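Step one of this worksheet: look at the structure below.
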């Protein structure tokens with residue numbers, strides 16, 4: 001008669017370590033990009049050593065992701081873990097993989113912003129990050145504006161956004177008022193060097209978004225309108 005041998009694995013400790021690392025690193029990224037930390041961002045952009053530090057942290061994230069995949073293979077091959085425990089672990093691993101995937105996309109987005117800011121002057125639309133939400137046809141977005149200038153004076157800008165896409169009738173352009181979800185997004189805002197704008201978009205049934213057009217205009221300055229067109233990311237669906 002065969003004996004069932006149960007070996008002690010430490011899957012929960014591994015999962016906890018990965019969650020802790022991802023959460024801590026996410027907090028660091030958000031703090032670095034807060035408006036009150038603009039001076040820190042500019043100094044890091046000017047110091048290659050600090051940029052290498054960010055790269056090293058990114059590499060650590062890649063290593064943790066690789067370890068996670070190795071754990072998935074180990075759990076799939078193991079026949080010595082209780083089936084209920086294995087199913088629960090697989091579900092936790094899938095959730096962690098989704099979090100790592102989304103986090104990597106957001107990290108790449110902010111790294112691109114930090115790299116682009118070194119060559120940026122004046123008012124600029126630095127980046128737009130879009131990801132799907134849990135609800136159907138609902139998407140979250142983060143828009144980043146920068147103003148690299150010699151003075152630290154506060155500027156006032158007006159924001160406008162529209163989404164170009166298709167429905168069963170053909171081409172369609174939806175204004176921000178038509179697609180913004182939740183609380184109304186403020187169009188006029190003031191900032192010095194950095195502004196992060198967050199919100200949600202809710203599209204009508206049958207609408208397929210193709211691109212987002214963003215316009216910003218600085219108040220009191222002639223010919224100050226800046227426009228940037230972003231293709232709808234395939235990862236957002």
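Tabulated values for the structure
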read-out	value
Residues of the range 172-191 classified as under 24 Å from residue 206 (Cβ atoms) and assigned to a strand (DSSP E or B), total	6
Meets criteria (part of a strand (DSSP E or B), at pLDDT 90 or above and surrounded by 15 or more Cβ atoms within 10 Å (Cβ to Cβ)) for residue 163	yes
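The values are calculated or read from the model by the stated rules, or taken from the named source; none is laboratory data. Not measured: the values here are computed from a predicted model. All Cβ positions, even for glycine, are placed from backbone atoms using ideal geometry, and neighbour counts span all protein chains on display.
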